[in-house]
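Visitor: Structure below; questions to follow.
The values are calculated or read from the model by the stated rules, or taken from the named source; none is laboratory data. Here the structure is a predicted model, which is why all the values come from computation and not from measurement. Here Cβ is always computed from backbone atoms with ideal geometry, including for glycine, and neighbour counts include all displayed protein chains. Side chains are part of the model used for accessible areas, which takes the heavy atoms of the whole protein and leaves out ligands, DNA and RNA. Shrake-Rupley method; radii C 1.70, N 1.55, O 1.52, S 1.80 Å.
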There are 2 protein chains.
Amino acid sequence: MTKRPIPYKIYLSEDEMPRQWYNVRADMPEKHPPMLNPVTKKPATKEELEQVFCKAVAEQELNDTDRYIPIPDDIIAFYKMYRPSPMVRAYCLEKALGTPAEIYYKFEGNNTSGSHKLNSAAAQAYYAKQEGLTSLTTETGAGQWGTALSMACAFYGLNLTVYMVKVSAEQKPHRREVMRTYGAKVIPSPSDTTETGRKILAAHPGTGGSLGCAISEAVEVALKTPNCRYGLGSVLDHVALHQSVIGMESKMALDKYGVKPDIIIGCAGGGSNLAGLIAPFMGEKLRGENDYRFIAVEPASCPSLTRGSYMYDFGDTGHITPLMKMYTLGSEFMPSPNHAGGLRYHGMSAILSKLYDDKYLEAVSVEQTSVFEAAEQFARTEGILPAPESSHAIRVAIDEALKCKDTGEKKVILFGLTGTGYFDLTAYKKYNDGEMSDYIPTDEEIAASLQGLQQLQP
Amino acid sequence: MTKRPIPYKIYLSEDEMPRQWYNVRADMPEKHPPMLNPVTKKPATKEELEQVFCKAVAEQELNDTDRYIPIPDDIIAFYKMYRPSPMVRAYCLEKALGTPAEIYYKFEGNNTSGSHKLNSAAAQAYYAKQEGLTSLTTETGAGQWGTALSMACAFYGLNLTVYMVKVSAEQKPHRREVMRTYGAKVIPSPSDTTETGRKILAAHPGTGGSLGCAISEAVEVALKTPNCRYGLGSVLDHVALHQSVIGMESKMALDKYGVKPDIIIGCAGGGSNLAGLIAPFMGEKLRGENDYRFIAVEPASCPSLTRGSYMYDFGDTGHITPLMKMYTLGSEFMPSPNHAGGLRYHGMSAILSKLYDDKYLEAVSVEQTSVFEAAEQFARTEGILPAPESSHAIRVAIDEALKCKDTGEKKVILFGLTGTGYFDLTAYKKYNDGEMSDYIPTDEEIAASLQGLQQLQP
């Protein structure tokens with residue numbers, strides 16, 4: 001096969017868009033342990049999940065056997081508003097680094113939600129509409145998921161209430177305004193609109209909130225409201241499934257030019273973007289067809305894979321979700337307030353946790369000043385202002401490319417550029433003003449927040 | 001020719017990207033009157049322009065004979081970072097409106113500057129670098145041009161000082177931060193760093209500044225600094241030339257699918273985006289090869305085409321630029337502070353002014369609450385949060401599509417979606433909170449700011 005010159009951006013045509021999501025669990029030699037009902041410690045049933053989630057979503061959440069799941073035509077039509085997303089060859093960054101490595105990134109930020117989150121939001125809102133629901137609730141931290149679900153709900157004509165982590169709502173009033181423009185009701189969390197919120201406010205009056213707490217509030221409201229369900233933007237298996245569209249497009253785009261990545265890198269908070277990006281490549285590795293290095297990059301201030309424990313834990317602070325076996329820092333863990341951006345979740349996708357535990361996936365943690373250095377270099381050379389979350393992946397991609405410079409190796413590096421940083425300029429200002437610092441939790445802090453997990457194990 | 005199904009987004013391949021800019025002036029049966037030196041009232045010479053601008057730019061500014069001007073390879077490489085930009089078929093908006101019209105938009109917002117401004121910034125920074133300059137100065141209002149030139153200067157390794165209209169710098173601290181991330185020095189204008197600035201501050205101590213004033217400051221600094229020139233983001237003919245890439249790509253994309261627009265709509269502040277979008281279509285009209293309706297949309301609060309006079313006027317408030325014959329509200333005109341977004345320039349591109357005066361181009365003005373209504377509808381259906389400026393074009397595109405609904409006509413409407421509104425959420429908040437109002441200047445106000453223009457005429 002003659003290698004054609006590779007353009008700056010590889011776009012698939014709309015006809016080439018994937019028509020199926022890829023379910024990596026079908027190819028996992030060992031499945032991850034099931035979600036458990038926290039009271040009975042028995043596997044959560046479809047019926048239990050359907051109280052919180054749409055039926056289709058509950059079904060997908062439990063499906064670990066079907067390798068491919070068709071994407072409904074309506075969702076394909078929604079995807080066409082902003083997909084296929086470009087696969088970019090980072091020619092300018094390569095040149096600036098002077099590396100022999102080839103660097104590619106799949107850019108998911110070219111939509112108003114500013115990130116990949118829309119891939120699952122579109123699906124969740126569609127199913128809710130199909131099932132005759134009238135509203136959804138959710139939570140949002142950095143704001144990308146809330147914006148994405150607002151967009152999808154506006155499109156399908158559903159009401160949406162978003163519990164937004166209070167500190168984030170205060171730091172990012174503009175994020176809130178985008179959601180309002182899409183018709184969503186945005187409530188800073190903890191709030192006095194829920195029992196969980198009132199309890200947390202009573203115990204910690206000045207708290208800035210957390211994702212775990214906002215999840216509790218949103219779930220509580222979904223359970224109490226007729227024709228309403230809850231939508232989650234990360235962590236769960238059905239979200240990873242929807243995000244597999246990223247990886248499928250990526251693989252198709254690279255295959256077109258005969259490019260095989262050696263290293264695939266993604267940032268990991270709850271894990272949905274990384275799980276989606278690596279999905280079909282991981283499938284090949286699991287089936288023994290091809291080998292790749294996969295690297296999950298997490299913030300040193302919230303290091304669930306690199307410093308957490310692989311145990312059953314709640315998904316939320318209020319302890320109303322099922323238990324998941326995952327790498328966790330404990331549901332009480334709160335990242336330092338100096339931490340910028342998302343990736344502040346205490347746990348990690350059960351799929352990624354299992355793959356990591358089984359050594360299919362590596363993980364590294366990076367400190368935020370070095371992340372913003374990479375972000376600045378990337379912005380100046382590639383012309384895109386990256387989200388702080390995505391910049392974790394950029395940091396490690398640059399590091400790997402610089403290793404190639406030392407060794408002369410021409411590795412092919414692919415990373416996920418999950419989103420843009422237009423709503424993160426408070427953090428950029430801190431960096432520009434030289435006022436950004438790093439924080440690494442002590443072993444004692446982590447041990448403290450892991451306390452009590454033992455009693456949750458089955 | 002069988003009509004192929006039209007995708008949601010038409011992307012050209014990088015190979016198909018235009019290799020030349022189209023200079024509409026070459027096809028104008030009557031050229032617009034030349035820029036004049038305000039002292040001698042004689043046509044500005046290349047030598048005079050070269051004191052302020054790069055040589056290549058000064059040459060392009062005066063070139064009204066060459067129909068095509070080659071785009072240097074280096075600029076093509078820069079363009080590939082974010083171009084070709086998509087031509088989008090607004091299927092979802094059409095459906096929401098229930099119109100038989102076909103609506104297309106050329107989307108220029110998929111880059112970090114958030115607008116089409118990068119097309120000229122790339123060229124101006126490239127020429128500056130080529131000519132051995134070390135720095136540029138410029139002004140910015142809404143912030144898109146300043147961001148664009150910051151990005152281009154970072155790429156080519158030039159220093160940049162941006163005079164940012166003070167009220168805008170205060171309302172949009174995040175815009176400022178993006179520019180800083182790209183290494184630019186941002187100074188709120190009027191400032192005490194220039195004579196003009198000090199004079200204006202003395203006369204109007206509490207002023208929020210204006211674009212005309214920021215231009216004066218930036219030009220003054222460029223004139224005084226060695227190896228430094230000034231870059232302007234709109235109004236001038238070389239900017240319109242660079243922006244012709246928008247129209248060339250648009251025409252090529254539509255031609256691919258055998259689509260001929262009936263109406264082409266763009267917002268108009270200084271006029272660069274509109275001039276660029278319509279360029280090749282206008283060329284056909286001027287040469288008698290094809291007919292199109294062209295509509296310039298301006299804010300009712302700053303209505304230079306619809307309520308200004310076609311006269312010689314200064315380009316800036318400080319009166320240090322050459323005189324241009326253009327539709328103007330007078331260089332002293334200040335749009336009401338309730339006006340959101342850009343499009344607040346007192347004058348209009350000399351090319352567009354002449355085409356309008358010669359009836360090749362129509363103009364309408366629209367009020368901002370109706371503009372934000374259109375913006376919201378567009379955001380919810382097409383999934384892109386538009387810039388307030390671009391939303392002027394959306395307003396009129398929707399109006400024309402609704403007329404088609406009444407008449408049953410299947411017109412083809414093309415409009416320019418120049419940018420995204422991620423940095424305009426203060427204005428969106430006003431709209432969401434029901435606190436946005438309209439302001440239309442009185443005839444007396446306009447007459448007052450036009451006073452004194454008579455003496456500038458040659």
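Visitor: For the range A:167-180, check the following and say yes or no: at least one residue is more than 14 Å from chain B (Cβ to nearest Cβ) and in contact (Cβ under 8 Å) with a residue 60 or more places away in the chain.
Guide: Within the range A:167-180, one or more residues are more than 14 Å from chain B (Cβ to nearest Cβ) and in contact (Cβ under 8 Å) with a residue 60 or more places away in the chain.
Visitor: So which strands (runs of 3 or more DSSP E) are wholly in the range B:266-329 and hold at least 1 residues that are polar (S, T, N, Q)?
Guide: Per the criteria, B:309-314, B:323-328.
Visitor: Hey, another quick one. Quick check on residue B:411: is it open to solvent by 20 Å² or more (accessible area, probe 1.4 Å), basic (Lys, Arg) and farther than 24 Å from residue B:248 by Cα?
Guide: Considered against the rule, which asks whether it is open to solvent by 20 Å² or more (accessible area, probe 1.4 Å), basic (Lys, Arg) and farther than 24 Å from residue B:248 by Cα, residue B:411 comes out as no.
Visitor: Also: Could you list, in sequence order, the residues of the range B:295-339 that are among the small types (Gly, Ala, Ser) and more than 19 Å from the chain's Cα centre (by Cα)?
Guide: Of everything in the range B:295-339, those that are among the small types (Gly, Ala, Ser) and more than 19 Å from the chain's Cα centre (by Cα) turn out to be B:309, B:318, B:336.
Visitor: Across the range A:195-220, what is the number of residues that are buried (at least 24 other Cβ atoms within 10 Å of the Cβ) and under 12 Å from residue A:161 (Cβ atoms)?
Guide: Result for the range A:195-220: 4.
Visitor: Regarding residue A:397, is this residue more than 14 Å from every other protein chain (Cβ to nearest Cβ), touching a Phe, Trp or Tyr at 6+ places or on another chain (Cβ under 6 Å) and open to solvent by less than 30 Å² (accessible area, probe 1.4 Å)?
Guide: Yes: the conditions hold for residue A:397.
Visitor: With respect to residue B:95, is the statement that it is surrounded by fewer than 16 Cβ atoms within 10 Å (Cβ to Cβ), at negative phi and in contact with a Pro (Cβ under 9 Å, 6 or more places away or on another chain) true?
Guide: Judged against the criteria, residue B:95 is not a match.
Visitor: Just to be sure, is residue B:26 of a type in the set (A, V, I, L, M) and over 23 Å from residue B:229 (Cα atoms)?
Guide: Criteria met by residue B:26.
Visitor: Also: Before we move on, is residue B:392 in contact (Cβ under 8 Å) with a residue 40 or more places away in the chain and buried (at least 24 other Cβ atoms within 10 Å of the Cβ)?
Guide: Judged against the criteria, residue B:392 is a match.
Visitor: Within the range B:268-275, does at least one residue satisfy the condition of being open to solvent by less than 10 Å² (accessible area, probe 1.4 Å), at pLDDT 95 or above and in contact with a Phe, Trp or Tyr (Cβ under 6 Å, 6 or more places away or on another chain)?
Guide: no
Visitor: Among the residues of the range B:1-40, write down those that are within 14 Å of another protein chain (Cβ to nearest Cβ), closer than 24 Å to residue B:245 by Cβ, out of contact with any Ser or Thr (no Cβ under 8 Å at 6 or more places or on another chain) and of a type outside the set (Lys, Arg).
Guide: Listed by number, the residues that qualify are B:6, B:8, B:10, B:11, B:12, B:13, B:14, B:15, B:16, B:17.
Visitor: Can residue A:186 be described as more than 10 Å from chain B (Cβ to nearest Cβ), in contact (Cβ under 8 Å) with a residue 40 or more places away in the chain, within 25 Å of residue B:371 (Cα to Cα) and touching a Phe, Trp or Tyr at 6+ places or on another chain (Cβ under 9 Å)?
Guide: Yes.
Visitor: Select the strands (runs of 3 or more DSSP E) contained entirely in the range A:147-257, then report the ones holding at least 3 residues which are within 23 Å of the chain's Cα centre (by Cα) and at pLDDT 95 or above.
Guide: Strands (runs of 3 or more DSSP E) meeting the threshold: A:159-165, A:185-189.
Visitor: Just give me the residues in the range A:440-458 being outside any helix (DSSP H, G or I) and surrounded by 12 or more Cβ atoms within 10 Å (Cβ to Cβ), in sequence order.
Guide: Within the range A:440-458, A:440, A:441, A:452, A:453, A:457, A:458 qualify.
Visitor: So, of the residues in the range A:407-439 that are more than 14 Å from chain B (Cβ to nearest Cβ) and assigned to a loop (DSSP other than H, G, I, E, B), which turns out to be nearest to residue B:112 (Cα to Cα)?
Guide: The extreme case among them is A:418.
Visitor: Given (1) assigned to a helix (DSSP H, G or I); (2) modelled with pLDDT of 95 or more; (3) within 14 Å of chain A (Cβ to nearest Cβ), where does residue B:352 come up short, assuming only one miss?
Guide: Only one criterion is unmet by residue B:352, namely (3).
Visitor: With the structure loaded, tell me whether residue B:132 is of a type outside the set (A, V, I, L, M) and open to solvent by 20 Å² or more (accessible area, probe 1.4 Å) or whether it fails that test.
Guide: For residue B:132, the condition - of a type outside the set (A, V, I, L, M) and open to solvent by 20 Å² or more (accessible area, probe 1.4 Å) - is met.
Visitor: Kindly indicate the residue of the range B:368-386 that is over 19 Å from the mean Cα position of the chain (by Cα) and not in a helix (DSSP H, G or I) and also surrounded by the fewest Cβ atoms within 10 Å (Cβ to Cβ) among those meeting that condition.
Guide: B:383
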